[in-house]
Structure formats: C-alpha cells, structure tokens
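Quick notes on the structure that follows.
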Amino acid sequence: MGHSTSEWAFVLVVIALLIWVGAESWRVEHTLEFAPPNSETVRVIGQQWFWSFQHADGTQEVNELHLKANVPYRFEIVSNDVIHDFAVPDFAILMDAVPGRVNSLWNVFDKPGEYLIECREYCGQGHQQMRAKLFIEPNNNATAATGAGGSSAASTTGTQPSSAISQGTGLISVVKPGSNATVTQGTGLERVVKPPTITQNASSGSSNTTSAASTKTSAPAPSGPSVALSIPSGASTQGNPSYDPATLSIKKGDIVTVTNNDNAPHTVTSGSSATDPKNGKLFDSGLIMPGKSVKVNTASLAPGTYPFHCTVHTFMSGTLTVKA
Amino acid sequence: MVLELKKPRPLWEIIFSTHHTDIGLLYMITSLTAFAAGGALAMAIRTELFLPGLQEFSGQSDFARFFTVHGTTMLFLWAVPFAAGVGNYLVPIMVRYKDMAWPKLNAIAYWMIPPCFVLIWVGFSDMSWNAYPPYSILKAAGPAADMWIFALKILGISSILGSVNFMVTILKMRHPDLPLMKMPLFCWAVIATSAMIITSMPTFDAALIMMYTDRLGVTGFFNPDMGGDPIAYQHLFWFTFHPEVYIFFLPSIGMLYEIIPTFSRKPIFSYYSGVIALVVVAIIGFGSWAHHMFATGMTFTEKTVFMVGTLAAVPPSAMHVFNFMATMWGGRIKFAAPMLFGVGGIALFYASGAGGVVNTAIPLDFVTHDSYWVVGHFHLILMGTISLTFTGMVYYLFPLITGRMYNTSLAKLHFCLAMVGIILVFGVMHLEGLYGMPRRVSDYLPIAQLIIMNQIATTGAWIIGSSYVLFAINMIKSAMFGKLADPKDPFEMKTGKEYYYDYARKNPHH
C-alpha cells in the first residue's frame, strides 16, 4: 500500500512552507523585541477595572493616555491585582499585565488620532468596560508642547503644568521651558476632561494625584456643611457593604465628603448603573484613589432621591436623599 | 444491538452493567447530552452578541458564567467522554477481546463523569475554562469556583483511569493472532490519545490542588502577594491542555480512518504513515504548549523555541490529511451521512490547520491574542473537525447500536445546515478578531462592521443549533421507529465486506 514518493513530496512542501513561516516570523519578532535605546518609558498599570499610565516625568493619567506621534515609546506593563491585557488593536499592540511581573513592549505611533485601549484578558465583572483612550498628538519637529488647556486637565504634577506630558528621559523631544509653542491641532483632539462638580481635597499629595482627582474645576467653592460618606474597606468585593451609610440623607447644598477607605479606587456616580440615563449626569466624583477623599457638591440637586453607584465596581450602589 | 427501544431492557441492566458496549453507550449518551446543554449555552451567548449592549444578560458576570460552563462542558463533558465512549464500544471488538481489560474500573471511570456534570452545572463558575490565577484564586466567587475545581479534578482522574484501561486492553488483551501493525488505525489513535492523557493530565491535576490550597489561603503558589507566580499556573495548565488539543483531535482522526476507507470502498492509502503520524504527533504535541502564552511576556528565546515546537507538529497532521485524500482518490465513494461529516471535517481541518500555521508566527499573536480570531480558530477545529467527525461517528454506529437505520435525507439536511452554519459563524469570527473584537465580552463597541459581522455569526450559530435539533429528532425517532437495518451491510456498500461490528452481538452481557 501507499506510494511513498507523492507523500514525501507533499510532506517536504509542507515542511518548506513551515520553515518559511518560521524564519519570517522570527525575523519580524526579532525587530519587535528590542526597544530602541532612545525610547521614552511609559508605565501602564492595569487594575480592576481601569488603566492608569505613568509617564517618565512622574505625571499620571487615568483611562487616558496622551502620546506623541513618531516618538518611540517603551511600555512597562504591570498589574495591581489580576491578569489584564493591555491592547491597542489599531497598532497591533498587545501584552499581558501580570501581577508580580513587568512586561514591556515598544512602538512608534505614526498616525495622530484617538484610539481605543482595551483589556483583552478576562479579569472579572468590569472586564468589558475596561477601556481607555489613546490620544496620539502630531509631533512637529519634536518641539511639541502640549495644548494650553490640555495638560492641566489631563495630568498635573503641580510643578510644570504646561509641559507635563512630553518629558521623557531627556533623550527625545524635550519641551523648552516657558515655550508657548502650541501645536496646531487639526485633528480636533479634545483633551479637556469634563469638569465634574468636585473639588480637590487638600489632603491629596501632589505626588500621587490623578487626572480626575486633581482637576481643579470651576465648581463653586464649598459652601454648605459637610456630610461624610465613606467607602469601607473590602467594598471592592461583591457582597460586602459598598457605601457607609448606604442611604445618605443630606440637605440641599450640603457638601458630601467621600472618603475611600478601601484598597481599590472607587467613584460615586449618579445613576443606578452604567445603563442608567442619569449615569454621571447629576454628580460624579471621578476616581477616588485609596485613602483619598473627594468633595461632591450637591447644590445643583433638587430635593429627591438619587441612586448612585461606582463606575469601577458596578455592583456597588447607594442612595442619596436630598431634602429641601 | 444494545439499544433496542422497542424491546427495552430494564434501565438498571444498562446502568449497572460493566459490559463495554453498555458503558460505551452510557458515555455516548452522557456526552451527547452535554453537547446539547453546552450548545444551548452557545446559542444564548451568540444571541446576546447579536447586538451591542446587553440584551439577555444582566452584565459581564453572568455572561462569564455562561462561556465558562459552555467551554468546560464542551471540552470535558462532550469531546473527551465521547471519544472514550466510541473507544469503549470499538476497541474490544477491534482487538478481539471479550471486554475491556478491567470492566469494573471502566464502569468507575464512567460513573465519575455524571457527578462532575452536576458540579459544573450547579456551580456555574465564572472564571473562564482556563481559570487563570490570580483571578481564580483571589476574586472568583465562592462555591462555584471550588465546585469547578473538584469537577475538573475528578474528570482528570476519570480520564486517566479510562486511558490506563485502554492501554492495557490494546497492548495486553489483544488477540494473539493480531499483531500491532495489523490492528485498525482507530486503535492506534486510542493508544496515542491514552498515552497523552496519562502523560499530561497529572500536571493539571497537581495544578488544581495547588490552586485549591491557594484559594483556601494556605499556600501561595500562584498568588503574587505571597511570592507566587501566576505564570507558573499557565505553564502547568497549557502543558496539559495543549496536548489536550490532540487528545480531542486524535480520536477523531482515528474515526476518520474508520469512515473514509469504508465509504471510499478502498483500503487506507498508507497504514504506516498513519501510524507514524499518530505516534509522532503524540510526542511532538508536548513541545508546543507555551505558544498559548506568547503575550505573557516570555523571553525571545522561549518564544522561538515554542514556535519551532508548534511548527513541528504540523507535518504529521498534514500527513493524515494527505492520507485521507489519497484514500478517497479513485475510490468509489458513497456519500452517506458518516462520509459527508468526515469529508466536511477534513475540509474544515484544512482551514483550521492553515490558520494554525499562521498562528505560529509570533508577531501575529500580538494582533490576535484573546480576540475572536482565536475563538474562530479553535472552534473551527473543535466544532468543525472534531464535533463533525464525532457526529459522523454517531451516524456510523447508529445501525450497530440500535439495529435500525436513521433517516438518511434528514441526516443529509443536518450536514448541509451544520456545514453552512459552521463556515458562517467561525469564518466570520476570524475576521472579527482581525477587526479587534475581544473575546469574553458580552458587549462590544457599536461599530457598523462589528455589528454586521456579529449578526452573520449569530445567524450561523442559529443554523448550527437548528441542524442539531434535527439531529436529535432523527436519533430519537429513528431509534424507535426507524426501518430495520441489515446488520451485515447497513449502508448498502455491497463490497462483500461484513460490517464487522456484528461481533458485538455474539457476546452476552455480563
């Protein structure tokens, strides 16, 4: 039985194809593996269920990443809890964020625009909402400064508010201090974070601020008496108490001071869930990092009952009752 | 004839029997039940994805439970037990022994499966079928995850016991007149599969114990806070479950070696290359597990090694395909239902195998990892090749088991619908993956292209679902009222060769 010649020919053709596929992918992977020495490092931190980004100069961003076109970036990807996966499908970037490990990859973004960052590894309840935005800004001769209104909203160190983003390790595209050169942005990138009605608590250290928590807004100065709302430790596990008290009764105009005593970030956001039409429309604390507190001004709320939830942990819910 | 529904034997006689045909029947009925149950979950999953946003599920959590149980059911309660069932049925007949080597052990191995079925379905865990720590040890909810761990643990033991039984039956209980190189290739496939199970399964069983003690907080093997490494679990897991791909696949290759020559009315093109390819893939299959983990931050050397290991597993699989085609070449082919399903399976294996070769390219992995490309790829082999072949085998064994003939035109309709559905759903999934659709999400971005692709895929899934409803109706109705089959030549091949499973009737049950 069997005609070995034809079979050998078939197998040899298959093997030749395999060798070609293997050699070609080895060559490509070899290029992708080693980052150029002048690349800027960006630390990507995955956490249930949001992304935060740390630039080389210490500035931080949450769920938004602003980078410049045509600059090599090296991402150091870490996780704070379970395995996530940092993926930018438009640039074929993907790497697991594994707790206890630092994974890295590099890329040069060639097309300015707004792109999607998503989590690709199943990480629990909020997995599918674990998305972030990547803004690639045009980079004119490496002298780009960030837009005037942009950096103060997106990232604030408190020291260099106008040139926070693009300071790498000094090898590439150092922003001239004091330079007011703004980039002509034809792409209409909107970098201003919508001002929520919150004010920064004085206890937040400048070294640890995030975009949401550090945003100075035009909200009216706190006027009414302050009412405390705390997020107890362990709230990020489903089944534990989410907010203390679960039903908070205030008078109109009171300032609600939300303190996060848990080890995970939380929010206090109007609406009963993410699909509620009132989601985040009436009040939104933004992300409250562990140990921090945020004041929510309720002066704009009419008397009534308002359910609220945490956008990070959608199972966390509470109720706010406003009395006249 | 074991299942004669017109003249039923008392149920307890089948249930407490240790005869290999009865156990084989129980295995097959259990696994077909699991296939139906897992398929229902798949329908729910696809229906949810028909539109972006949430339709039937309340959120990601419920959806995760569905795809976890769907995957676990299909892999461990459908693919593995069905292969064991067919093996039970045919191996003793093929090696001409009165039963399996250890009939009682055989029954025990079977009876471990129904409790696992219950554990998995009552628990409804949400940690996905691969249960990666730290999610599975720190965050996965309560008793569900523990039930899942215990179910998988028991299933592992069950398949090891079954494999030992097969090995001994084939190697020691073979008829003295039957040399190894003369026995049917299906037996070689069972040997290769059993050897792979015995080698690979203990690794995962160990990992499950480590995971369970981690969940209890006693140890920290995979818990980074206690100095453990989650990647270690992934290595242990894939060291078992990449070979497991071949554990699902080799039995279907063995079944094709039964079906293709029979319906081509021609001997196998090359028996030796079939044996060599089975044995080689059973060895090389162990050299490629970490290609599932390219994106976990492996070093360049590791990636290269596992890419080469993966590529090395391709030629043996290609040899099987060549063997099938050369067997059919010039044969007088009768496209009865088993042959249709077999040829369909081979065609789809060609597609999924080509996808597999492309997958070995490491840079591509960073585009496709955890996207619908992966989902499309492995479903194309698990549903397209393995399940279609298994379905063909059900049709092939049907006259033997029931003594009756299935409805042939309904079977052909089943095949056409299943084939169209499979190409629609899993072909489109590949495109979705390249378009950036992540897997394991119940909601996706409302982009027109993604919506239309998901709707095509969902329609395909519904077509598959309805085709298998036809299958169930055909099986149940024909087992009761089908026309009596000629036990010597039920498929009217007129080759003069006896449908040799007739042997089964000569042995009384014990």
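A 1.4 Å probe, protein heavy atoms only, puts the accessible area of B:Trp129 near 40 Å². Just to compare against my own numbers: the Cα pair-distance distribution for chain B, 20 Å bins, whole % per bin, please. Each 20 Å bin holds this share of Cα pairs: 23, 59, 18, 0. Relative to the longest principal axis of the Cα atoms of chain B, the long axis of helix B:185-216 lies at roughly 30 degrees. Annotation note: chymotrypsin sites (Phe, Trp or Tyr not before Pro) in the range B:462-493 located in DSSP loop regions with a Cβ neighbour count of at most 15 within 10 Å are absent.
Could you compute how fast the range A:10-69 diffuses translationally, taking Rh as the Kirkwood radius over C-alpha pairs and applying Stokes-Einstein at 4 °C with viscosity 1.567 mPa s? Give it in µm² per second. Please report the intermediate quantities before stating the final value.
On the way: Rh = 15.1 Å.
Roughly 86 µm²/s, to the nearest whole number.
Counts of other chain beta carbons within 10 angstrom of each beta carbon in peptide B:414-421 average 0.
Evaluate E = 1/(1 + (r/R0)^6) for B:Gln455 and B:Ile29, where r is the Cβ-Cβ distance and R0 equals 35 Å; express this FRET efficiency to the nearest 0.05.
Details: r = 35 Å, r/R0 = 0.99.
Taking R0 as 35 Å, the efficiency between B:Gln455 and B:Ile29 is 0.50.
A loss of 30 Å² or more of accessible area (1.4 Å probe, protein heavy atoms, ligands and nucleic acids excluded) relative to the isolated chain is seen in these residues of the range B:105-149: B:Tyr132, B:Pro134, B:Tyr135, B:Lys139.
List the pairs from B:Lys334/B:Lys488; A:Lys133/A:Lys252; B:Lys98/B:Lys172 whose alpha-carbon separation is above 24 Å, in the order I gave them.
Values: B:Lys334/B:Lys488 17 Å; A:Lys133/A:Lys252 35 Å; B:Lys98/B:Lys172 13 Å.
Long pairs (Cα-Cα over 24 Å): A:Lys133/A:Lys252.
Taking every residue in B:360-371 and counting other chain Cβ atoms within 10 Å of its Cβ, the average works out to 6. In this rough spin-label picture, where each label sits 7 Å from Cα along the Cβ direction, the A:Trp8-B:Ala347 distance is 3.3 nm. Each label point was placed 7 Å from the Cα along the Cα-to-Cβ direction; for A:Leu32 and B:Phe335 their separation is 4.1 nm. The orientation-averaged shadow of the Cα convex hull for the protein assembly as shown, equal to a quarter of the hull surface, comes to 37.2 nm². Placing R0 at 45 angstrom, the Cβ-Cβ distance between B:Ile283 and A:Ser233 gives a FRET efficiency of 0.30 after rounding to 0.05.
Averaged per residue, what accessible surface does chain B expose to a 1.4 Å probe, in Å²? Write out the running numbers ahead of the final one.
Details: 17780 Å² over 510 residues.
Spelled out: the 1.4 Å probe surface of chain B, per residue, equals 35 Å².
Once Rh is set to the Kirkwood radius over Cα pairs, what Stokes-Einstein translational diffusion coefficient, in µm²/s, holds for the range B:315-357 at a temperature of 37 °C and a viscosity of 0.692 mPa s? Can you show the working numbers first?
Details: Rh = 11.1 Å.
It comes out at roughly 296 µm²/s.
Shown here for the range A:252-307: trypsin sites (Lys or Arg not before Pro) in loop regions (DSSP other than H, G, I, E, B) with at most 16 other Cβ atoms within 10 Å, namely A:Lys252, A:Lys278, A:Lys281. Accessible surface of B:Arg96, taken over heavy atoms with a 1.4 Å probe and every protein chain present, rounds to 110 Å². Across the range B:126-138, rounded Karplus estimates of 3J(HN,Hα) from the backbone phi angles (6.51 cos²θ - 1.76 cosθ + 1.60, θ = phi - 60°) give 10, 9, 6, 5, 9, 6, 5, x, x, 4, 5, 9, 10 Hz, Gly and Pro being marked x.
Dipole magnitude for the protein assembly as shown: computed about the Cα centre from +1 point charges on Lys and Arg Cβ and -1 point charges on Asp and Glu Cβ, it is near 1820 debye.
A run of chain B free of exposed loop cleavage sites, with GluC sites (Glu not before Pro) counted only in DSSP states other than H, G, I, E and B and at most 14 other beta carbons within 10 Å, reaches its longest extent at B:57-491. Sorted largest first by accessible area at a 1.4 angstrom probe radius, with every protein chain in place, the residues A:Thr305, B:Thr18, B:Thr495 fall in the order A:Thr305, B:Thr495, B:Thr18. Extension gain for the segment B:Glu13 to B:Leu171, taken as residue separation times 0.36 nm less the Cα-Cα distance, is 53.9 nm to one decimal. Beta-bridge orientation, the protein assembly as shown: approximately 65 percent antiparallel, per DSSP, counting only bridges with both partners inside.
In the range A:1-122, inverting the average of 1/r over every pair of distinct C-alpha atoms gives 16.7 Å as the Kirkwood radius.
For the range B:43-79, list whatever residues lose no less than 50 Å² of accessible surface once every protein chain is in place, relative to that chain by itself, with the probe at 1.4 Å. Buried-area filter returns B:Gln60. In the range B:297-327, comparing the full protein assembly with the chain on its own, the residues that lose 50 Å² or more of accessible surface at a 1.4 Å probe are B:Phe300, B:Leu311, B:Pro315, B:Phe322. Kindly report, to the nearest 10 Å², the accessible surface of B:Leu161 as traced by a 1.4 Å probe over protein heavy atoms only. Counting only protein heavy atoms, the figure is 40 Å².
Taking all protein chains in place and a 1.4 Å probe, what share, in percent, of the accessible surface of the protein assembly as shown do carbon and sulfur account for? Could you put the intermediate results ahead of the total?
Values: 20650 of 31680 Å².
Result for the protein assembly as shown: 65 percent of the exposed heavy-atom area is carbon or sulfur.
In this simple spin-label approximation, B:Leu178 and B:Tyr272 carry label points 7 Å from Cα along the Cα→Cβ vector, and these lie 2.3 nm apart.
A Förster radius of 22 Å combined with the Cβ-Cβ distance from B:Met226 to B:Ile154 puts the calculated FRET efficiency at roughly 0.20. Accessible surface buried by the A/B pair amounts to about 4400 Å², both sides summed, 1.4 Å probe.
The values are calculated or read from the model by the stated rules, or taken from the named source; none is laboratory data. Everything numeric in this text was worked out from a predicted model, so none of it was measured. All Cβ positions, glycine included, derive from the backbone under ideal geometry; neighbour counts span all protein chains shown. In case anyone asks, the SASA skips ligands and DNA or RNA and just uses the protein heavy atoms, side chains included. Shrake-Rupley method; radii C 1.70, N 1.55, O 1.52, S 1.80 Å.
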